[in-house]
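Bear in mind these aren't lab numbers, they're just calculated from the coordinates by the rules spelled out. Given the structure is predicted, the values throughout are model-derived calculations rather than measurements. Backbone-built Cβ (ideal geometry, glycine too); neighbour counts: all protein chains shown.
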Amino acid sequence: AVAASMAVGVSAEGDLITIGYAQVGHESDWRTANTKNYEDVFSEENGYELSLIDCDNDNAKQLEAVRNFITQGMDYIVIAPIQSAGWDTVLQEAQDAGIPVIIADREIEADASMYDAWVGTAPYDEGVTAGNWLAEQLDGAEAKILQIEGSVGASAAIGRTDGFAEVMAEHSEWELLDSQSGDFTQDGGQAVMESFIKTYEGQFNVVVCQNDNEAYGAMDAMDAAGITYGVGGDVILISYDATHDGLQYTLDGKINLDVECNPIQAETVKGVIEQMEAGEDFEATTLITDEAFCAPGIESEFATTMTEEILAGRAY
Ligand code: GYE
């Protein structure tokens with residue numbers, strides 16, 4: 001596809017290309033890594049002027065940030081959508097202003113004609129990977145599962161929930177005891193796990209956290225209650241993101257499985273913008289692929305067993 005609004009994106013010789021990035025917030029290590037990656041890639045040296053707004057996980061604030069980018073006449077707008085719903089009006093406004101929009105990281109419910117390109121990961125597939133790994137490891141044994149979801153209405157949470165549920169539906173020996181949002185934060189993960197422990201202590205053997213920070217909070221709550229987890233523990237702990245610290249815990253055998261989600265996406269977004277700038281055909285959809293990592297001593301068809309080398313290669 002070629003953007004209809006190309007003229008707006010083309011800057012005069014020597015000018016910096018202005019990018020407005022409506023970032024979700026600073027809820028997780030994943031997010032911090034993603035923000036830093038945009039700052040590194042969309043630098044003045046590379047010919048860009050980046051306005052990154054931290055929307056603090058507030059949907060109204062994010063819509064306002066995008067509207068400000070439109071008013072300021074940014075050359076390009078990049079949105080990492082907090083919520084998947086509710087984008088039509090503001091996307092129409094961007095389109096009317098002739099500003100190309102790239103949706104990054106998460107998905108939205110709007111028709112693809114409402115924006116120019118999408119770059120991101122596949123949370124549904126991540127959820128399926130977590131489920132397949134669990135089925136392989138349990139090999140027919142019973143599972144009593146507690147799930148700590150990501151932020152309500154975020155595609156990263158919806159996809160992971162749905163993908164995992166898809167596998168869960170094939171296993172009558174599995175039961176989801178409860179599933180609550182921890183808002184993708186460590187504090188949220190800890191609070192949800194504390195309340196789960198009050199209700200379900202002694203009844204669960206699997207905890208699924210939809211990001212690493214939630215897992216750290218859940219680990220603190222289980223530590224405080226004397227519940228063991230990880231390799232050789234009472235509870236199998238599954239996490240998502242596979243950031244550096246998450247993989248450290250995986251290498252240490254505290255997290256059994258960490259399903260990767262790569263926050264390093266800015267170079268790919270820049271590639272799309274360069275194609276748009278050149279008036280070339282550009283990638284309307286780019287999927288950043290992920291793998292999964294499990295603790296030493298675990299062999300899996302669905303995950304790579306962690307090593308020191310893998311951890312050493314993980315910068316974020
Ligand atoms: O998993 C979580 C972050 O949208 C994929 O958002 C991203 C998610 C990531 O807060 O840690």
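Things to note:
- Flag for residue 257 being within 18 Å of residue 125 (Cα to Cα) and either away from the ligand (no atom under 16 Å from the Cβ) or out of contact with any Asp or Glu (no Cβ under 6 Å at 6 or more places or on another chain) (or both): yes
- Residue pairs whose Cβ atoms lie under 7 Å apart, sitting 6 or more positions apart in sequence or on different chains, and linking a residue in region 23-45 that is near the ligand (Cβ under 8 Å from one of its atoms) to a partner that is aliphatic (A, V, I, L, M), are 24/80; 24/82; 31/24.
- Test: residue 77 is outside any helix (DSSP H, G or I), buried (at least 23 other Cβ atoms within 10 Å of the Cβ) and within 16 Å of the chain's Cα centre (by Cα): no
- All positions within region 187-223 that are without any contact (Cβ under 8 Å) to a residue 24 or more places away in the chain and either of a type in the set (A, V, I, L, M) or over 26 Å from residue 159 (Cβ atoms) (or both): 198, 199, 202, 223
- Residue satisfying condition, being buried (at least 16 other Cβ atoms within 10 Å of the Cβ), in a strand (DSSP E or B) and of a type outside the set (A, V, I, L, M), within set 240, 249: 240
- Looking only at residues of region 285-312 that are within 20 Å of the chain's Cα centre (by Cα) and in a loop (DSSP other than H, G, I, E, B), we find that the one that is surrounded by the fewest Cβ atoms within 10 Å (Cβ to Cβ) is 289.
- Residue within region 80-98 that is of a type outside the set (Ser, Thr, Tyr) and in contact with a Ser or Thr (Cβ under 6 Å, 6 or more places away or on another chain) present: yes
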